[in-house]
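Let me begin by presenting the structure, written as structure tokens, before commenting on it.
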């Protein structure tokens, strides 16, 4: 009965399959009674029968991802193995602690998985120590701060409007509330002003300097940051969340060679599951980090996500990943140049990485929020973003941030970037032309269909 019910749920489509599943469930209950048989029937249902409300929303999101051009710089498409492992039986396992030192039994398999993830992270980024348990980049940053700082300590980080992250000292973030943050900025050319960093470091004597950004399109000189940190006796922390894939592929200076501690997400350019990691070459710092992550700020690790991290680390070691990152950078450069040709001011004048920061207000007169909404109408997804010397509130902003990782994963190259830049410009320079918007939306969907998302998206049932 179990086998028959399973085959019905898998092989028989839609309405007929739904009827047979329900009938089979009741027959199973009548023949064998309640208990495991009833439970098996319940969990054996496809999602559309088990929870239609969630199924319909998930189906809509699948359609959105297939038919939209994803230009949010922090988003990507994971591989089928990563997606499969994220939804695996490891979801069921609780495993507080670390490999060999758990507070629960039955952890021999998750111990092996976490050990593999740690070793692969160390190998990928040439680090001596790695913690793969942080649930997110913000959790990783929180753990790094708590491992090195006391409440009220002075920290120097990049301002939000110049490209920094909320966790780099914004007053609405725990970072700006728990520690005394001072901010450095970019110069009039859009590049980090390292002399300002040095001057501020000498003035405020920070215990920690944070390098890294969420909207900075240029390479960061980690060696220069370390030089400044050493000069004032500060720790150097690098948040490489956005550029981790570029670092792994050798397209950006590796911060582990300069920083006391490195944090990152595992999605974005690294193309793994949503999560965080912490790296260091200092054994004492590694011990503090481990104690801070658990039991300091987290309980049980997400073992299904850690397994998916391990898979993505292996993927990032392959030659194909280097080719992918090379194309990500090429695509970003073409997108930047095409927008410049069309009269848009780019922060720093271009890009060295995967993202382009565009001042849309100076050309269109519209806020970043308005431009984001207009592009969303034609199935082009991006995000509003503050720019240096911002005059708008963050909720409105003067810029938009565009990234190429997701479109490159779909197989798009330079030719498509030229076409996309043209469509962006058409929409933003004709904000009230509904007929044009409808026509461009059709072009966007047609282009998206030429470069499908992963086939395994079709298996959501």
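The values are calculated or read from the model by the stated rules, or taken from the named source; none is laboratory data. A quick note: this is a predicted structure, and the numbers were derived from the prediction, not measured. A quick note on method: Cβ atoms are made from the backbone with ideal geometry, for glycine too, and the neighbour counts reach across all protein chains shown.
A few comments on the model shown:
- Restricting attention to segment 251-298, the residues that are out of contact with any helix residue (DSSP H, G or I) (no Cβ under 7 Å at 6 or more places or on another chain) and closer than 18 Å to residue 126 by Cβ total 4.
- Residue list for segment 253-274, filter: outside any loop (DSSP other than H, G, I, E, B) and surrounded by 24 or more Cβ atoms within 10 Å (Cβ to Cβ): 255, 261, 262, 263, 264, 265, 268, 269, 270
- Which listed residue is closer than 26 Å to residue 327 by Cβ and part of a loop (DSSP other than H, G, I, E, B), from 453, 408: 453
- Listed by first and then second residue, the pairs linking a residue in segment 185-200 that is more than 14 Å from residue 232 (Cα to Cα) to a residue that is in a helix (DSSP H, G or I) and modelled with pLDDT under 95, with Cβ atoms under 7 Å apart and 6 or more places separating them unless they lie on different chains, are 185/162; 186/162.
- Any hit, segment 146-153, residues being closer than 16 Å to residue 212 by Cβ and either without any contact (Cβ under 8 Å) to a residue 40 or more places away in the chain or not assigned by TED's automatic domain parsing to the domain that holds residue 399 (or both): yes
- Count of residues meeting criterion [in contact with a helix residue (DSSP H, G or I) (Cβ under 8 Å, 6 or more places away or on another chain) and at pLDDT 90 or above] in segment 36-55: 2
- Number of positions in segment 93-133 that are touching a residue at least 24 places away in the same chain (Cβ under 8 Å) and farther than 13 Å from residue 310 by Cβ: 12
- If you filter segment 182-239 down to residues that are surrounded by fewer than 22 Cβ atoms within 10 Å (Cβ to Cβ) and under 22 Å from the mean Cα position of the chain (by Cα), you find that the one that is farthest from residue 347 (Cα to Cα) is 219.
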